[in-house]
Ligand SMILES: Cc1cc2nc3c(=O)[nH]c(=O)nc-3n(C[C@H](O)[C@H](O)[C@H](O)COP(=O)(O)OP(=O)(O)OC[C@H]3O[C@@H](n4cnc5c(N)ncnc54)[C@H](O)[C@@H]3O)c2cc1C
């Protein structure tokens, strides 16, 4: 089954890239997934394959030597990766995100000629790090407190100094901690009465003095992301580290909400994997297991039918919203995006739950991938700022209130 449903709807380039991800996923990532999950180790081996295949540069513009994929193409490729290793897909999204912010999103924003020229120069260096040196980026935005939900300025501060900034702060759940070459952090440009509009997006070199990854990493799921805490202690970062010009991140975030759904593909892939496994298991075709068929029981057939329906509903919303990606979506498109992101995250875990119920006790064994899919899929709904809860909050509010409306104004 193709991750994008009917592959005939894809361009030839999209088909090639998804096929490439499928081959890597099947032959390389899936066989390694259990060990990275058991050891909570970062999949450097998978990233070596992604590097060699060119997929590390999937969203680097072609003019800068990358593959120049748009959002929908990224989404389908990442979902195919997630089908074979959820943790690799999650960290891949964190690597690709700075490319998207700095590339496709920045291209849609207005800049002065001087800002544009400087941005082109800075991003050329970042893109060169990926294309020529195969370096890894990441996106540690989250902090303890209200900033990650978009309710307060970032607590990580960038103090302007000659030639750049001195950055201090603490980022929680920094996927690729200790693995990335650059951490794409959001901080607040230090000034009196700073607000979320003063957010500044910098690529902090992992080797800079004052950067460290601290703490344990022993979570329920997504163990191969190695999302330890990142500490930035008075780190000097040059101006050229900017991934977006000063003052533009808040505008980019408001005008390109699809950037908060870059994890949808991970969970689309896990949803597909839960279905794939169930069919394989009931047909008695799981490698290494006795070829016992269980497909003849009507209850199993109904469960598979229910799973397929949920899977196709999930895929339809996933693909539509990925294809909708663009600057300034209208209210209807924004709400559909929230609905899609919520659906993908929650349905992935629901499908994994149904898969375990249907396959039975043996599917709990660590020797099979299903219990990992169950644990990994639980993590999606917790990713700020678009957790499942916050998607519901926003969807309800935005459905009932038009822009600028309040109850006081109505009464
Ligand atoms: C495996 C994994 C990898 C991750 N990788 C990254 C990464 O690379 N980069 C990154 O930036 N983050 C990453 N995160 C962090 C993630 O995005 C969240 O920031 C994190 O899960 C928040 O956890 P918390 O318990 O601190 O949440 P809290 O802030 O305590 O929130 C708990 C819950 O309360 C709800 N909530 C929070 N704020 C509000 C509000 N204002 N109004 C209403 N409800 C609210 C939300 O539903 C949330 O799930 C990762 C998380 C996981 C689990």
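The values are calculated or read from the model by the stated rules, or taken from the named source; none is laboratory data. In this text, all values refer to a predicted model and were calculated from it rather than measured experimentally. Cβ atoms come from the backbone with ideal geometry, glycine included; neighbour counts cover every protein chain shown.
A few remarks follow.
- Residue list for the stretch 103-140, filter: surrounded by 15 or more Cβ atoms within 10 Å (Cβ to Cβ), free of Cβ contacts under 8 Å to residues at least 60 places away in the same chain and either more than 20 Å from residue 174 (Cβ to Cβ) or within 12 Å of the ligand (Cβ to nearest atom) (or both): 103, 104, 116, 138, 139
- Some residue of the stretch 339-353 being surrounded by fewer than 18 Cβ atoms within 10 Å (Cβ to Cβ) and closer than 16 Å to residue 220 by Cβ: yes
- Residue 157 being more than 15 Å from the ligand (Cβ to nearest atom) and in contact with a strand residue (DSSP E or B) (Cβ under 9 Å, 6 or more places away or on another chain): yes
- Looking across 299, 314, one residue alone is over 20 Å from residue 347 (Cβ atoms) and either at pLDDT below 95 or assigned to a helix (DSSP H, G or I) (or both). It is 299.
- Matching residues in the stretch 154-193 - criterion: being surrounded by 16 or more Cβ atoms within 10 Å (Cβ to Cβ) and assigned to a loop (DSSP other than H, G, I, E, B): 154, 155, 156, 175, 176, 177, 179, 180, 181, 190
- Some residue of the stretch 86-102 being within 29 Å of residue 73 (Cβ to Cβ) and either surrounded by fewer than 21 Cβ atoms within 10 Å (Cβ to Cβ) or away from the ligand (no atom under 16 Å from the Cβ) (or both): yes
- Among the candidates 73, 88, the residue that is closer than 21 Å to residue 48 by Cβ, part of a helix (DSSP H, G or I) and touching a helix residue (DSSP H, G or I) at 6+ places or on another chain (Cβ under 6 Å) is uniquely 88.
- Any hit, the stretch 218-229, residues being under 15 Å from residue 186 (Cα atoms) and crowded, with 17+ Cβ neighbours inside 10 Å: yes
Okay, residues lined up against (1) closer than 26 Å to residue 36 by Cβ; (2) touching a strand residue (DSSP E or B) at 6+ places or on another chain (Cβ under 6 Å); (3) outside the structural domain of residue 98 (by TED's automatic domain parsing):
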{"position": "152", "(1), (2), (3)": "no, no, yes"}
{"position": "194", "(1), (2), (3)": "no, yes, yes"}
{"position": "230", "(1), (2), (3)": "yes, yes, yes"}
{"position": "234", "(1), (2), (3)": "no, yes, yes"}
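- Filter pass, residue 145 being near the ligand (Cβ under 9 Å from one of its atoms), part of a loop (DSSP other than H, G, I, E, B) and within 29 Å of residue 40 (Cα to Cα): yes
- The residues of the stretch 325-352 that are over 20 Å from residue 390 (Cβ atoms), touching a residue at least 40 places away in the same chain (Cβ under 8 Å) and not in a helix (DSSP H, G or I), listed by number, are 326, 327, 328.
- Any hit, the stretch 97-105, residues being over 21 Å from residue 265 (Cβ atoms), in a helix (DSSP H, G or I), out of contact with any helix residue (DSSP H, G or I) (no Cβ under 6 Å at 6 or more places or on another chain) and modelled with pLDDT of 95 or more: no
- Just one of the listed residues (212, 175) is near the ligand (Cβ under 10 Å from one of its atoms), in contact with a strand residue (DSSP E or B) (Cβ under 7 Å, 6 or more places away or on another chain) and closer than 30 Å to residue 39 by Cα, and it is 175.
- The one condition in (1) touching a helix residue (DSSP H, G or I) at 6+ places or on another chain (Cβ under 7 Å); (2) surrounded by 18 or more Cβ atoms within 10 Å (Cβ to Cβ); (3) in contact (Cβ under 8 Å) with a residue 60 or more places away in the chain that residue 383 fails to fulfil: (1)
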